[in-house]
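Down below is the structure, laid out as structure tokens.
The values are calculated or read from the model by the stated rules, or taken from the named source; none is laboratory data. Predicted, not measured: the structure shown is a model, and the values here were computed from it. Don't worry about glycine lacking a Cβ; one is built from the backbone with ideal geometry, like all the others, and counts go over all protein chains shown. Accessible surface areas use protein heavy atoms only, side chains included; no ligands, DNA or RNA. Shrake-Rupley method; radii C 1.70, N 1.55, O 1.52, S 1.80 Å.
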Amino acid sequence: MTKRVTIADVARQAGLSKGAVSYALNGQPGVSEATRQRVLRLALEMGWHPNSAAKALSGARAGAFGLVLARPASTLGAESFFMKLISGMESAMASSQTALLLQVVPDHEAEIATYRRWWAERRVDGVFLVDLCVDDPRVPVLEELRLPVMVVGGPGHHGGLAAVWIDDASVMVMGVEYLAALRHKRIARVGGVPGMLHDEMRSSAFDSVSRRLELEWATTIPTDYSPEAGAQATRRLLSGGTPPTAIIYDNDVMAVAGVSVAHEMGVRVPGDLSIMAWDDSVLCEITHPPLTAVSRDIAAYGYQVAESLLALLDGETVTEVQQTPPRLVVRGSTARPRN
């Protein structure tokens with residue numbers, strides 16, 4: 001049997017006292033941040049994990065799940081997706097009196113550092129991983145930490161971590177086919193951040209269905225999901241020599257910004273330009289004209305994600321769970337092109 005790595009082993013390897021190593025691993029004051037980070041890295045390399053018996057004596061569970069968002073705070077404030085997702089998570093976690101620890105960081109490097117700190121301090125019982133990327137650097141780190149993890153997204157690219165996901169590709173195909181059935185031949189997409197798995201899946205599906213339907217012209221403009229970027233992309237598209245007759249936006253706030261730019265430029269919606277939004281919201285309903293949108297129950301999505309992480313924490317086997325496919329809600333922003 002392999003000998004369990006102890007704090008004493010880490011202390012010996014680090015050339016520090018057991019007390020100093022204990023302070024570092026438990027996030028307590030008494031050591032410098034540089035020393036704390038060095039001890040954390042060494043503990044991971046040696047395969048040290050918190051003693052389950054000691055953890056049980058100290059109260060077993062932390063009573064919290066963690067969610068780190070590596071996105072601009074301005075985007076989070078404007079976009080309804082995460083608020084709805086979190087409301088669903090909170091609904092599922094309420095019965096077990098589990099709290100949500102939320103942190104917003106600038107990039108994945110800071111996100112990974114947060115996971116390491118939470119692991120060392122035993123701040124959370126598990127984490128939600130969002131905005132999954134192709135070849136995501138966070139996945140191997142979380143596998144190494146052996147924290148219970150529920151990935152919000154997929155399929156694939158999440159290693160051995162459990163995941164709950166929605167089929168973005170089939171929904172994109174449905175949207176383009178609907179616009180093509182209205183006889184649109186020039187369709188643009190205002191997308192998200194390249195490298196994010198859901199964006200790559202949507203882009204691939206958009207390109208594939210556009211070729212299959214033999215559209216005259218189809219293109220995707222990447223953005224950071226902000227309304228400012230959506231407006232800029234719309235101006236660029238409508239200022240060209242042969243503008244699109246339909247645009248699909250990857251979120252609601254960009255679609256609303258697109259409608260505003262169209263009005264500003266004298267482009268009639270839907271007479272000259274049809275607009276479709278991803279993720280239906282109140283914004284889509286109150287905009288003039290109201291927006292055709294992809295509708296999915298994001299709160300139910302969040303509930304399923306949190307429920308799955310609670311099951312994982314209780315020792316149940318959870319691998320991949322596919323959510324109910326979204327549907328297309330047709331409103332006044334889409335119609336046949338006039339030319």
Quick count over the range 95-118, residues being within 20 Å of ALA163 (Cβ to Cβ), touching a residue at least 40 places away in the same chain (Cβ under 8 Å) and open to solvent by 10 Å² or more (accessible area, probe 1.4 Å), is 1
Note on the range 301-318: residues open to solvent by 40 Å² or more (accessible area, probe 1.4 Å) and either under 13 Å from GLY88 (Cα atoms) or under 16 Å from the mean Cα position of the chain (by Cα) (or both) are TYR303, GLN304, GLU307
Screening VAL294, VAL269, VAL256, VAL261 for residues that are in contact (Cβ under 8 Å) with a residue 12 or more places away in the chain, under 23 Å from VAL329 (Cβ atoms), of a type outside the set (D, E, K, R) and in contact with a Cys (Cβ under 9 Å, 6 or more places away or on another chain) leaves only VAL256
Residue pairs within 7 Å by beta carbon, gap of at least six or interchain, first lying in the range 155-166 and within 14 Å of GLU144 (Cα to Cα), second among the charged types (D, E, K, R) and not in a loop (DSSP other than H, G, I, E, B), listed first then second, are GLY159/GLU143; GLY160/GLU143; LEU161/GLU143
Considering the range 176-192, residues that are of a type in the set (A, V, I, L, M) and in contact (Cβ under 8 Å) with a residue 60 or more places away in the chain, and then whichever is most open to solvent (accessible area, probe 1.4 Å), we arrive at LEU182
Those residues of the range 15-44 which are modelled with pLDDT under 80, open to solvent by 60 Å² or more (accessible area, probe 1.4 Å) and part of a helix (DSSP H, G or I) amount to LYS18, TYR23
Over the range 224-252, the set of residues open to solvent by 10 Å² or more (accessible area, probe 1.4 Å) and in a helix (DSSP H, G or I) is PRO227, GLU228, ALA229, ALA231, GLN232, ARG235, ARG236, LEU237, LEU238
Result of the Cβ filter at 7 Å on the range 200-223, keeping first residues that are closer than 24 Å to ARG235 by Cα and open to solvent by 50 Å² or more (accessible area, probe 1.4 Å) and partners that are of a type in the set (Ser, Thr, Tyr) and in a loop (DSSP other than H, G, I, E, B), at least 6 apart or interchain, is TRP217/THR242
| field | Test: SER333 is under 14 Å from PRO227 (Cβ atoms) and either open to solvent by 50 Å² or more (accessible area, probe 1.4 Å) or assigned to a loop (DSSP other than H, G, I, E, B) (or both) | value | no
Check your understanding: Condition test on LEU145, is it under 18 Å from the mean Cα position of the chain (by Cα) and either farther than 28 Å from SER333 by Cβ or of a type outside the set (A, V, I, L, M) (or both)?
Key -> no
